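Quick notes on the structure that follows.
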Amino acid sequence: MSNDEFLPFARPSLSEEAIAEVVATLRSGWITTGPRVARFEAMLSEYHGGRT
């Protein structure tokens, strides 16, 4: 395997806050739509300068 094909492996670094957000989203029953998705989309749009 060449270096071009190497896929590094590492444990994810997830904060307790991030884990709590995921759990809250799963428990809400709204995974692909709903208020948390709308909030994420707004934050992502803001991060990219309002471009969608």
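Our helix-only sum for the chain, with -39,500 (n - 2.57) per DSSP H run of n ≥ 4 divided by its residues, gives a mean residue ellipticity at 222 nm of -16000 deg cm²/dmol.
In a simple Cβ point-charge model (Lys, Arg +1; Asp, Glu -1; nothing else charged), the chain has a dipole of about 240 debye relative to its Cα centre.
Note on Met43 and Phe9: the model spin-label points, each 7 Å out from Cα along the C-beta direction, lie 3.0 nm apart. Of Pro35, Val23, Pro12, which is farthest along the charge dipole of the chain in the positive direction, counting Lys and Arg as +1 and Asp and Glu as -1 at C-beta? Highest projection toward the positive end goes to Pro35.
Loop-located trypsin sites (Lys or Arg not before Pro) across the stretch 18-52 with a Cβ neighbour count of 11 or fewer within 10 Å are Arg51, with loop assigned by DSSP. Counted residue by residue at 0.36 nm each, then reduced by the alpha carbon distance between them, the extension gain from Thr33 to Glu17 reaches 3.7 nm.
Rule-based calculations on the coordinates, nothing more; no lab input. Note that the structure is predicted; figures quoted are calculated from it, not measured. Neighbour counts run over all protein chains shown; Cβ positions are idealised from the backbone, glycine included.
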